[in-house]
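I have placed the structure first, in the form of structure tokens, so that the comments after it can refer back to it.
The values are calculated or read from the model by the stated rules, or taken from the named source; none is laboratory data. Predicted, not measured: the structure shown is a model, and the values here were computed from it. Glycine also receives a Cβ, built like all others from the backbone with ideal geometry; neighbour counts cover every protein chain displayed.
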Amino acid sequence: MTDSDDEERPLTRNVLEDECGVIERVMRALELTKGVEIARRYLAMNAFDGALTMLGIVLGGILTINPLDPLPGFRAILLAAAGTTMAMAISGFSGSYLTESAERDREVEEMGRAMLCDLSESLYAKASRTTSVVVALVDGASPAVAAVIVMMPLFMVPFGILDYFTSFLMAIVICMVVLFVLGLFLGRVSHKNIWSYGTKTLLAGIMTAIFMFIISFLTGGGA
């Protein structure tokens with residue numbers, strides 16, 4: 001064993017310990033401020049919104065795209081999906097961070113006023129700031145991740161892996177699966193019938209599809 005190996009081992013160990021330390025501090029901050037429940041609620045709610053939003057875009061595409069010349073319409077769908085995904089991520093992060101920070105700062109200030117001391121640099125205040133960042137990250141990432149998962153088949157079309165129509169159908173199926181899994185997750189969190197929750201979230205997706213077809217029929221918006 002060389003001296004360089006001996007030097008690399010402590011360095012690697014220190015990096016791992018630092019990462020574990022950061023994760024542990026974050027988890028403690030979330031436990032102290034009850035941030036786990038908030039993050040979990042944002043995760044399910046915004047992933048649900050992201051999946052349903054993409055379902056609407058995909059259904060709009062499959063109803064309006066010209067089968068004789070699908071490329072222009074397909075590019076428009078991809079651009080709309082990418083723009084919507086970025087907008088949801090940025091809006092979710094910034095809106096959640098500003099809201100959580102304001103609420104946490106107010107809470108710390110009221111606690112300090114009640115205790116007749118300054119708590120702005122207390123352990124709870126630092127934990128509150130950490131929670132605001134974590135919750136904002138979850139709030140911004142969850143709809144974006146759900147949207148990307150649903151839109152994955154469409155990204156395969158430019159590479160010739162899937163055709164236009166098949167990619168739309170696969171995206172719809174994936175969206176329904178995502179909605180059902182989110183329902184199972186909510187059922188597990190609530191300690192109630194997970195299949196009942198899965199069915200309810202799946203029904204939301206089916207109702208969205210039905211309303212889209214009805215609106216398309218009434219407005220004559222179909223291709």
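Here Y124 meets the list (1) closer than 24 Å to V58 by Cα; (2) part of a helix (DSSP H, G or I); (3) modelled with pLDDT under 90 almost entirely, failing just condition (1). Checking M152, M115, M111 one by one, the residue that is surrounded by fewer than 21 Cβ atoms within 10 Å (Cβ to Cβ) and either closer than 24 Å to L43 by Cβ or of a type in the set (D, E, K, R) (or both) is M152 and no other.
For region 126-144, a residue qualifies if it is within 30 Å of S167 (Cα to Cα) and surrounded by 19 or more Cβ atoms within 10 Å (Cβ to Cβ), and the qualifying residues are V138, D139, G140, A141, S142, P143, A144. The residues listed here are R13, R75, R104; of these, the one that is modelled with pLDDT of 80 or more and of a type outside the set (S, T, N, Q) is R75.
Of note, L154 satisfies the criterion of being farther than 24 Å from V36 by Cα, in contact with a Ser or Thr (Cβ under 6 Å, 6 or more places away or on another chain), touching a residue at least 24 places away in the same chain (Cβ under 8 Å) and among the aliphatic types (A, V, I, L, M). Going by the conditions given, is L123 in contact (Cβ under 8 Å) with a residue 40 or more places away in the chain, under 18 Å from G95 (Cα atoms) and surrounded by fewer than 18 Cβ atoms within 10 Å (Cβ to Cβ)? Spelling it out, it is not the case that L123 is in contact (Cβ under 8 Å) with a residue 40 or more places away in the chain, under 18 Å from G95 (Cα atoms) and surrounded by fewer than 18 Cβ atoms within 10 Å (Cβ to Cβ). Just one of the listed residues (V108, V134) is in a helix (DSSP H, G or I), on the phi < 0 side of the Ramachandran plot, touching a residue at least 24 places away in the same chain (Cβ under 8 Å) and among the hydrophobic types (A, V, I, L, M, F, W, C), namely V134.
Restricting the first member to region 202-218 and to residues that are modelled with pLDDT under 85, and the second to residues that are assigned to a helix (DSSP H, G or I), the beta-carbon pairs closer than 6 Å and six or more apart or on different chains are M212/L59; S216/L63. Taking first residues from region 169-185 that are part of a helix (DSSP H, G or I) and partners that are among the charged types (D, E, K, R), the Cβ contacts under 9 Å between residues at least 6 apart in sequence or on separate chains come to G183/K200; F185/R40.
Here P67 meets each of (1) touching a residue at least 24 places away in the same chain (Cβ under 8 Å); (2) of a type outside the set (A, V, I, L, M); (3) surrounded by 21 or more Cβ atoms within 10 Å (Cβ to Cβ) with one exception, condition (3). So is V22 at pLDDT below 75, part of a helix (DSSP H, G or I), of a type outside the set (K, R) and under 16 Å from S132 (Cα atoms) or not? Here the answer is yes, as V22 does meet what is asked.
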